[in-house]
1. Quick one: how many residues across the stretch 46-73 are more than 26 Å from residue 14 (Cβ to Cβ) and in contact with a Gly (Cβ under 9 Å, 6 or more places away or on another chain)?
2. Mind listing just one residue for me: the one in the stretch 18-38 that is out of contact with any strand residue (DSSP E or B) (no Cβ under 6 Å at 6 or more places or on another chain) and closer than 19 Å to residue 144 by Cβ and, of those, surrounded by the fewest Cβ atoms within 10 Å (Cβ to Cβ)?
3. Give just the number: which of (1) within 16 Å of the chain's Cα centre (by Cα); (2) closer than 30 Å to residue 25 by Cβ does residue 180 not satisfy?
4. Please state which one of 185, 163, 157 is at negative phi, without any contact (Cβ under 8 Å) to a residue 60 or more places away in the chain and part of a helix (DSSP H, G or I).
5. Residues being out of contact with any helix residue (DSSP H, G or I) (no Cβ under 9 Å at 6 or more places or on another chain), aliphatic (A, V, I, L, M) and modelled with pLDDT of 95 or more: count how many of those fall in the stretch 118-142.
6. Being within 23 Å of residue 47 (Cβ to Cβ) and assigned to a strand (DSSP E or B) is the filter here, so list the residues in the stretch 91-116 that pass it.
7. Which of the residues spanning the stretch 128-143 are farther than 16 Å from residue 75 by Cα, crowded, with 16+ Cβ neighbours inside 10 Å and not β-branched (Val, Ile, Thr)?
8. Give the residue that is nearest to residue 123 (Cα to Cα), with candidates limited to residues of the stretch 52-67 that are surrounded by fewer than 19 Cβ atoms within 10 Å (Cβ to Cβ) and of a type in the set (A, V, I, L, M, F, W, C).
Amino acid sequence: MCGRFHLEESPELRPIIEEMNRSPLLPFFGDAAVMTHGEIRPSAVVPAVAFSRAGKKAVFPMKWGFQGKSGLLINARTETASEKPLFREAWRAHRCAVPASCYYEWEHLPGANGKKTLGPKYAIRPAGAAITWLCGLYRMENGAPAFVILTREPAEDIRFIHDRMPFILPDADVDEWIRPDTDPDCLVSHALREMAFEKAV
């Protein structure tokens, strides 16, 4: 699962954030919090990269979470998104990539009663990458785009933290991922697996 990520005002992310801030879509989000840096929580509006109606790559503000019958849905499983009615159309043609500095996950520890308890918080990012590209799906809600982050089985070196991780692609595959005519199944095997991690303050 991915329930938090972080945005830094780094040289790599600054142009993306600036493009989002110029978007004419921003007024459509009403009172939703538009975040350009810091720890990002579900329901926040953040920059995401997708193809425009004109067929060009662009940065859009998007709200994190699909509004479902029982609340906000923030993640979708890569393994089953193509089969689920809620995600099927977005998997086919409405894919996005959300830039982050890292994502956060809390270690799940076995408790005395058999239930897992939350342990230390970790900051996790692809080893050697300037941007952590969290791959997602988007749809329109009330005239504004909303996204979910795709998850997958964890890389072996971070499996002790959690049994899921975001689906993260390298820079070179992001443009292909967001193209509406791409078969997303062809890119699933490109997911980055070598992660750098450290306990977060």
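1. Number of matching residues: 3.
2. Taking the candidates together, the pick is 31.
3. (1)
4. Exactly one of 185, 163, 157 is at negative phi, without any contact (Cβ under 8 Å) to a residue 60 or more places away in the chain and part of a helix (DSSP H, G or I), namely 157.
5. Residues meeting the conditions: 4.
6. Once the filter is applied, which keeps residues that are within 23 Å of residue 47 (Cβ to Cβ) and assigned to a strand (DSSP E or B), the stretch 91-116 yields 95, 96, 97, 98, 99, 100, 102, 103, 104, 105.
7. Within the stretch 128-143, 129 is the sole residue that qualifies.
8. 58
The values are calculated or read from the model by the stated rules, or taken from the named source; none is laboratory data. Every value quoted in this text rests on a predicted model; they were computed, and no experiment measured them. With ideal geometry, Cβ positions are generated from the backbone for all residues, glycine too; neighbour counts draw on all protein chains shown.
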